[in-house]
Amino acid sequence: MSDLRNKRVISAAITGSWPTRKDNPNLSITPQEIADDVYESWKAGAAIAHIHVRNGDGTPSTDFNKYKETIDLIRAKKDCDVCINITSSGSVGFKDEERIYPLKQLLPEMASYDCGTLNWQHRTIFENNPQFLEKLGLALQESNIKPEIEIFHAGMIYEALHYLKIGVLKAPLHFQFVLGCPGGMANTVENLVFLKSLIPEGSTWAACGIASGHMPIMMTTIAMGGHIRVGMEDNVMYQKGVPAESNAQFVARAKRLLEEAGLEAATPDEARQIFGLTRKVF
Ligand code: ZN
């Protein structure tokens, strides 16, 4: 086993559900574009690819065939051993089974687990009701898929602790803090420090900050021993007024920052060890 103490995992959140080509013309939409984007991000240093899929018109989708095509295209790149993390959110308004079915069929190593319902970006309700969270947690356990517990505000951590207590989630937990999303907590360093103080000993965690919080949250995360998420799901601008060229551009910057801090980007197999993922056959 390699020494993992200086390794940090970079996840690339490729498209998400909300950004559009109007926000950034370089956003990937089709399965082929997403798979190529994942490959370039992996080459730049990402160990995990967090995947959403889109319909042809760019709207969010939970179409199983699109997930399958995307994953197959990634797996067809023979040298690429990136860990696959599939969203369980899709977007708002999808039925529970639609959200769970692709995970159980495609068996990614990780899947997002949004631990509570929130008012999403002042636009709509992102629903993750108790029945759905129980079903999803148990389905992920059955399929040996590690939940990436997405946290938008502190109450969601207490929800996770409840599901841990009743056996829907199993320790060690892995948390993904997403800060700066309207409806959630603001993208401040103080909030990140507070959230990290609430998670159980032995948990792993990563963070990302949206918009103006992108760099401060990334640098604080590095300083605090966390892992990093970057990508167009969270940020379409590379810096103020400058649209990102690609997800790989974000990954490359994160890797450079790690290296400047005397750290290294974890390989996918190192990420599997750090997060306790089960490598699936591919
Ligand atoms: Zn996502």
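Read-outs throughout are calculated quantities, based only on the coordinates presented, and are distinct from any laboratory measurement. Computed from a predicted model, the values in this text were never measured in an experiment. In this analysis, Cβ positions are derived from the backbone assuming ideal geometry, glycine residues included, and neighbour counts consider all displayed protein chains.
Per DSSP helix of 4 or more residues, -39500 (n - 2.57); summed, then divided by the residues of the chain. What does that give at 222 nm, rounded to the nearest 500?
Working: 9 runs with 105 residues, N = 282.
Using -39500 (n - 2.57) per qualifying helix, the result is -11500 deg cm²/dmol.
Using a Debye calculation, one point per C-alpha and no hydration shell, please list log10 I(q)/I(0) for the chain at q = 0.09, 0.14 Å⁻¹ in order.
Log10 of I(q)/I(0), two decimals: -0.36, -0.95.
Could you work out how much longer the chain between Lys280 and Asn119 gets when fully extended? Use 0.36 nm per residue separation minus the Cα distance between them, nm to one decimal. Walk me through the numbers on the way to the answer.
On the way: separation 161, 0.36 × 161 = 57.96 nm, distance 3.49 nm.
Value of the extension gain: 54.5 nm.
How long is the gain from Thr20 to Asp63 if the chain were fully straight, where each residue apart is worth 0.36 nm and the alpha carbon distance is subtracted?
Values: separation 43, 0.36 × 43 = 15.48 nm, distance 1.84 nm.
Going from the current span to full extension adds 13.6 nm.
Kindly write out, for region 24-37 in residue order, the coupling ³J(HN,Hα) from the Karplus curve 6.51 cos²θ - 1.76 cosθ + 1.60 (θ = phi - 60°), rounded to whole Hz, with x marking Gly and Pro.
Going residue by residue, I get 7, x, 8, 5, 7, 10, 7, x, 5, 4, 5, 4, 5, 5 Hz, with x marking Gly and Pro.
List the relative contact order of region 60-195 as a percent without decimals, with contacts defined as Cα pairs under 8 Å and 6+ residues apart. Present the calculation step by step, with values, prior to reporting the outcome.
Numbers: 189 pairs, mean separation 27.5, N = 136.
Worked out over region 60-195, it gives 20 percent.
Considering only the other residues whose Cβ falls under 11 Å of the Cβ of Thr267, what net charge follows from Lys and Arg at +1 and Asp and Glu at -1?
On the way: positive: Lys7, Arg272; negative: Asp81, Glu264, Asp269, Glu270.
Here the count lands on -2.
Can you work out the FRET efficiency for the pair Phe94 and Met219, with r the C-beta to C-beta distance and R0 = 35 Å, to the nearest 0.05? List each step's numbers first, then the result.
Details: r = 35 Å, r/R0 = 1.00.
That pair, Phe94 with Met219, gives E of 0.50.
Can you order the peptides 198-208, 218-228 by their average number of other Cβ atoms within 10 Å per residue, highest first?
The most tightly packed comes first, giving 218-228, 198-208.
So what J values fall out for region 185-198 if you push phi through Karplus, 6.51 cos²θ - 1.76 cosθ + 1.60 with θ = phi - 60°, rounded to Hz, Gly and Pro as x?
7, 5, 8, 9, 4, 4, 5, 4, 4, 5, 4, 4, 5, 8
Percent relative contact order of region 1-87, based on C-alpha pairs within less than 8 angstrom and at least six residues apart?
Working: 122 pairs, mean separation 28.9, N = 87.
Relative CO of region 1-87 lands at 33 percent.
So for the chain, averaging the separation of alpha carbon pairs under 8 Å that are six or more residues apart and normalising by length, what relative contact order in percent results? If you can, show how the numbers build up before the last one.
Values: 566 pairs, mean separation 70.5, N = 282.
In percent, rounded to a whole number, it is 25.
Kindly rank 27-40, 66-79 from highest to lowest mean number of other beta carbons found within 10 Å of each residue. All intermediate terms of the calculation are to be shown ahead of the outcome.
Numbers: 27-40: 20.7, 66-79: 16.9.
The packing order, highest mean first, is 27-40, 66-79.
Using only the alpha carbons of region 1-67, determine the length spanned along each of the three principal axes and report them from longest to shortest in whole angstroms.
45, 26, 18
Quote the charge dipole size of region 124-282 about the Cα centre in Debye, to the nearest 20; the model charges only the Cβ of Lys and Arg (+1) and of Asp and Glu (-1). Walk me through the numbers on the way to the answer.
Details: 13 positive and 16 negative charges, 33 e Å.
Approximately 160 debye in magnitude.
With a cap of 16 neighbouring Cβ atoms within 10 Å, and only residues DSSP puts in a loop, list the trypsin sites (Lys or Arg not before Pro) found in region 237-278. Please list the in-between numbers first.
Details: sites: Lys240, Arg253, Lys255, Arg256, Arg272; in loops: Lys240.
Taking region 237-278 and a limit of 16 other Cβ atoms within 10 Å, the loop trypsin sites (Lys or Arg not before Pro) found are Lys240.
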